[in-house]
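The values are calculated or read from the model by the stated rules, or taken from the named source; none is laboratory data. Quick caveat, the model's predicted, so the values are computed rather than measured. Neighbour counts run over all protein chains shown; Cβ positions are idealised from the backbone, glycine included. Protein only, heavy atoms only, side chains kept; ligands, DNA and RNA dropped before computing areas. Shrake-Rupley method; radii C 1.70, N 1.55, O 1.52, S 1.80 Å.
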Amino acid sequence: LVDLKYVLSVAKRFGELLFAVNDVIVFVTKSTVPVGTAEKVRNVINEELAKLGDAHAPLFSPFRVASNPEFLKEGSAIQDFMKPDRVVVGVDDDLSEKMFRELYAPFIIDNPGKLIVTDIPSAEMIKYASNSMLATRICFFAVDPLIPSITIGTIKANHIIINLLRIKVFAPAISTLI
């Protein structure tokens, strides 16, 4: 079970202060969170707005929620942010999508296809799936050298996969055989 108390605490405070905002606000989760977290955040904010009563209630919901998981490698986070290999954005309205497209345009100018826009639960799931795949690959590469019947072809394939999947691995056997 994932403890979301800090995420929901921020959402609660956000809801308490939201009535004073005259503009559209997008509440974005960047971390790895369980699927459905954005909906929980939306509910907490709406509950806080309801507590404020009609005197402060906006005519329409001035906030949006979105998921924008980060895919940054340790040791190269700034470079990965400035030149991402992919940007995943989960939104449920056109205005939020437009805001994200404008925000990320300078960072993906070389390839606009790097921006993947999807619904919020899918964006949350993409991050979990990505983390799971990375963990699986790391385990595979940790076990692979222990297999005595390893071939040069396997070593070359591992090297290519490592490069494609942006995994930093210290593997002198691979570098000397390629």
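Is it the case, given these coordinates, that P62 is within 18 Å of D23 (Cβ to Cβ) and either open to solvent by less than 70 Å² (accessible area, probe 1.4 Å) or at pLDDT 90 or above (or both)? Yes.
Screening region 23-34 for residues that are more than 18 Å from V87 (Cα to Cα) and in contact (Cβ under 8 Å) with a residue 40 or more places away in the chain and picking the one that is surrounded by the fewest Cβ atoms within 10 Å (Cβ to Cβ) gives P34.
If you go through region 103-113 and keep only what is outside any loop (DSSP other than H, G, I, E, B) and either farther than 23 Å from V33 by Cα or at pLDDT below 90 (or both), you end up with A105, P106, F107, P112, G113.
The number of residues in region 3-31 that are of a type in the set (V, I, T) and modelled with pLDDT under 85 comes to 2. Taking the criterion of being open to solvent by 10 Å² or more (accessible area, probe 1.4 Å) and within 16 Å of the chain's Cα centre (by Cα), the residues of region 88-106 that qualify are V91, D92, E97, F100, R101, L103, Y104.
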